[in-house]
Amino acid sequence: MSNKFFNDLDATIKKDGSLAQKIKGSYQFDITENGTVKHYSVDLKTAPGSFKVGKHEKPECTIIVNEEDFVQILEGKLSEQTAFMKKKLAIKGNMALAMKFRTIVNAVKANSKSAPAAASTPATTAASPAAGGLDDGTPLGKEFEKLSKAVIANPDLVKKINGVYQFDIDTKKYTVDLKNNKGSVSVGPAPKADCTITMKEADFLSLMSGKLNGQAAFTKGLLKIKGNMGLAMKLGQLTKAMPKAKFKFKTF
């Protein structure tokens, strides 16, 4: 799957020169599969950017990972931070550029979704749960899929909230960006979160279903907030946009 990702990345770079403006750096990916290391060079330092198979002459950030773990990261089953902490992913050079890798992944996904579907491909394929890596069949994944649909259906949320959230739910991390472009929800840590909310999965699901009160969760230490408290207060505007949403953060 890594080969497909880098082919799609090459197509994205050629189609969208703005990606280099967002990243402003160069990478080398060392992907190990069956004992063989494959090298990929991604230069996004100056527009429009470029890609090639092989080592980069002078990479600012080198990402070293096994094929299997890399695929899990791309699919949203393994966050970059968790992979790094478990030593499944190694980084050499500019750590800030490593944090921007999720921006590259999201750009590739967006470009792949906008590409014309093959004639034999059913129209419903683009809406499959795996496409965005959110609905992975778990209750937590389904909840963030609902959040994603709410953001898509309500682009005005970006103007109302103007902030980036990171949800740390047990070992999983999700980013809800209501600050840039039309807003987005993705698997993985935010490059720069304005507000981070930490909870256990069971408590988060109870919170979103209305079984657990937001203020009570905060008071009991079941919900922790780091960063902009004002943005935490605004989350009620997001949950209101969700179908049949019961929980409201305005109780803080």
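The values are calculated or read from the model by the stated rules, or taken from the named source; none is laboratory data. All values reported here derive from a predicted model rather than from experimental measurement. Cβ placement follows ideal geometry from the backbone for every residue including glycine, while neighbour counts extend to all protein chains displayed. Side chains included, ligands, DNA and RNA excluded: accessible areas come from the protein's heavy atoms. Shrake-Rupley method; radii C 1.70, N 1.55, O 1.52, S 1.80 Å.
Structure data summary
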{"read-out": "Asn3-Lys240 FRET efficiency (beta carbon distance; Förster radius 45 Å; 0.05 resolution)", "value": "0.55"}
{"read-out": "Cα gyration tensor shape for the range 137-198, rounded if a/c is under 1.5, else prolate or oblate", "value": "oblate"}
{"read-out": "Surface share of carbon and sulfur [accessible, 1.4 angstrom probe, percent] for the chain", "value": "54"}
{"read-out": "Value of [θ]222 nm, deg cm²/dmol, for the chain, DSSP H segments ≥ 4, -39500 (n - 2.57) each, nearest 500", "value": "-11500 deg cm²/dmol"}
{"read-out": "The range 26-115 shape via C-alpha gyration tensor axes, a/c threshold 1.5", "value": "rounded"}
{"read-out": "The range 73-109: trypsin sites (Lys or Arg not before Pro) in DSSP coil with no more than 16 other Cβ atoms inside 10 Å", "value": "Lys77, Lys86, Lys87"}
{"read-out": "Computed lengthening from Gln21 to Ile152, 0.36 nm per intervening residue step minus Cα-Cα distance", "value": "44.7 nm"}
{"read-out": "Mean separation of Cα contacts under 8 Å, 6 or more apart, over the residue count of the chain: relative contact order %", "value": "13"}
{"read-out": "Zone residues, the range 146-183, relative to Lys113, backbone N less than 15 Å from point 7 Å out along Cα-to-Cβ", "value": "146-155, 175-178, 180-183"}
{"read-out": "Per-residue SASA entry for Glu68, accessible area with 1.4 Å probe, Å² rounded to 10", "value": "130"}
{"read-out": "Most to least packed among 21-30, 207-216 [average Cβ atoms within 10 Å]", "value": "21-30, 207-216"}
{"read-out": "Rounded to the nearest 20 debye, dipole of the range 3-83 from Cβ charges on Lys, Arg, Asp, Glu", "value": "400"}
{"read-out": "Contour minus Cα-Cα distance for Gln81 and Lys220 (0.36 nm per residue)", "value": "47.3 nm"}
{"read-out": "Scattering curve values for the chain, log₁₀ I(q)/I(0), Debye with Cα scatterers, q = 0.15 Å⁻¹", "value": "-1.11"}
